[in-house]
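Okay, so here's the structure we're looking at.
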Amino acid sequence: MKNVVYYLDRPGGSFTRTEEDIGDPGPGEIRLRTSKTSVCQSDVVIYNVGLPRIRSWPAIILHEASCFVDAVGEGVTRFEVGDLVGLGCDIPCGERQCIYCGPTGTGDWTSCPQTQATGHEFPGFARSYAILPDWFVEYGPIVKFDRGFDPNRACQLEPLACGLEGMTRVNHCIENRIVVLLAAGSQSTYALQCAQAMKARKIIVVNRGRERLERVLSDFGGPNVVGVRWDDQVVENVLAECRPFNEPHFVMVNAPVAAAYDLAPKLMGYGTVLDGHAGVKGAEGKPRLVHEIDLNNDIHYRLQCYQATHGSSMHGIELAHQMLASDQLPQIDLMTNATERFHHSEILSAIRRAADKDSLKVIIDWDE
């Protein structure tokens with residue numbers, strides 16, 4: 001059986017289509033046929049400058065995927081041929097005795113020193129078929145959708161899960177609260193939809209560019225959603241939108257730039273939770289971003305919470321699966337318009353489109 005695989009030869013390079021033989025799954029394994037892959041901003045970064053976690057090239061990238069089970073190995077009972085599945089990016093290290101990743105571990109895969117991520121250490125889904133090892137099938141981030149569910153929605157499981165990790169780490173920080181989302185990209189747009197489903201009191205979306213902010217407000221807005229331009233008066237304007245409260249209750253940093261980490265603490269008030277969702281990284285690694293806080297007057301007496309979400313665990317995956325499966329995000333199809341759909345032979349064009357300032361979620365079609 002032939003497997004179409006696209007290898008990226010180097011950062012800024014080209015994708016080479018190859019055809020490789022792929023066999024049948026072994027005991028405990030499953031073979032997946034890729035249906036859709038959506039493009040993460042991490043894929044844009046990988047293409048432009050690379051990432052230290054990708055230690056050898058050429059590489060197989062793309063990690064947001066929905067797939068159909070094509071074959072199952074001996075002993076597999078959880079899945080059967082024809083099942084539609086969605087997958088998470090962060091995955092167990094593969095060691096069954098691992099206190100983080102193993103079946104009796106904590107499930108905090110990103111804390112494991114040997115952590116893996118699809119499209120980084122583990123080959124991504126820029127390929128038409130993939131065989132998942134037994135440990136991935138048994139306790140990895142893979143969930144099944146009902147027959148007939150839209151693969152275009154299922155491939156967005158992973159980015160939804162990442163955002164929900166941050167929005168649920170502190171109990172009751174969204175419901176009936178003021179939510180501020182820094183940047184109007186795909187992660188903030190997912191967070192906006194989740195905040196609506198979680199019944200936030202008001203959602204404030206902050207963005208520099210007018211085009212994408214207007215698209216997000218037009219397609220996903222509502223009576224409790226407002227947009228604020230990121231300019232010299234952004235702090236004053238955001239705080240004004242928080243009235244009758246003095247400050248927001250939840251601030252999510254979804255812009256992977258130092259300026260966002262400079263702005264976010266200026267919005268902190270009594271009881272504010274700040275979630276550093278989008279980290280700042282590049283080919284040289286992660287720059288040091290310094291902020292001074294008063295552990296007594298801020299953290300203690302104003303009950304502030306500084307947290308971060310990096311990737312997703314099964315907690316976020318299960319929440320995202322529940323939201324998708326129960327149709328709690330009815331506008332999610334608007335994440336992708338006609339200019340953001342590509343055939344798998346157009347991966348480079350898809351990544352370039354995802355880098356555009358007006359783009360939200362690019363989807364690559366593998367069904368033929």
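Criterion first (under 21 Å from residue 120 (Cα atoms), of a type in the set (D, E, K, R) and either out of contact with any helix residue (DSSP H, G or I) (no Cβ under 8 Å at 6 or more places or on another chain) or in the same structural domain as residue 10 (by TED's automatic domain parsing) (or both)) does residue 78 satisfy it?
So residue 78 does not fit the description; no.
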- Item | Test: residue in the range 74-82 that is in contact (Cβ under 8 Å) with a residue 12 or more places away in the chain, crowded, with 20+ Cβ neighbours inside 10 Å and aliphatic (A, V, I, L, M) | no
- Task: Give 160, 192 a once-over and let me know the one that is assigned to a helix (DSSP H, G or I) and farther than 30 Å from residue 79 by Cα.
- Result: 192
- Note on the structure: Going through (1) at negative phi; (2) in contact with a strand residue (DSSP E or B) (Cβ under 8 Å, 6 or more places away or on another chain); (3) not acidic (Asp, Glu) one by one, residue 120 fails only at (2)
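So is residue 59 buried (at least 17 other Cβ atoms within 10 Å of the Cβ), in contact (Cβ under 8 Å) with a residue 12 or more places away in the chain and under 24 Å from residue 315 (Cα atoms) or not?
So residue 59 fails the test.
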- Item | residue 18, sole failed condition from (1) buried (at least 16 other Cβ atoms within 10 Å of the Cβ); (2) part of a strand (DSSP E or B) | (1)
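Could you list, in sequence order, the residues of the range 23-42 that are modelled with pLDDT of 95 or more, within 18 Å of residue 311 (Cα to Cα) and outside any strand (DSSP E or B)? Spell out how you get there, then give the answer.
Within the range 23-42, the first condition is being modelled with pLDDT of 95 or more, and the residues that meet it are 23-39.
Those left that are additionally within 18 Å of residue 311 (Cα to Cα): 37-39.
Matches in the range 23-42: 39 only.
The values are calculated or read from the model by the stated rules, or taken from the named source; none is laboratory data. Keep in mind the model is a prediction, meaning the values are calculated, not measured. All Cβ positions, even for glycine, are placed from backbone atoms using ideal geometry, and neighbour counts span all protein chains on display.
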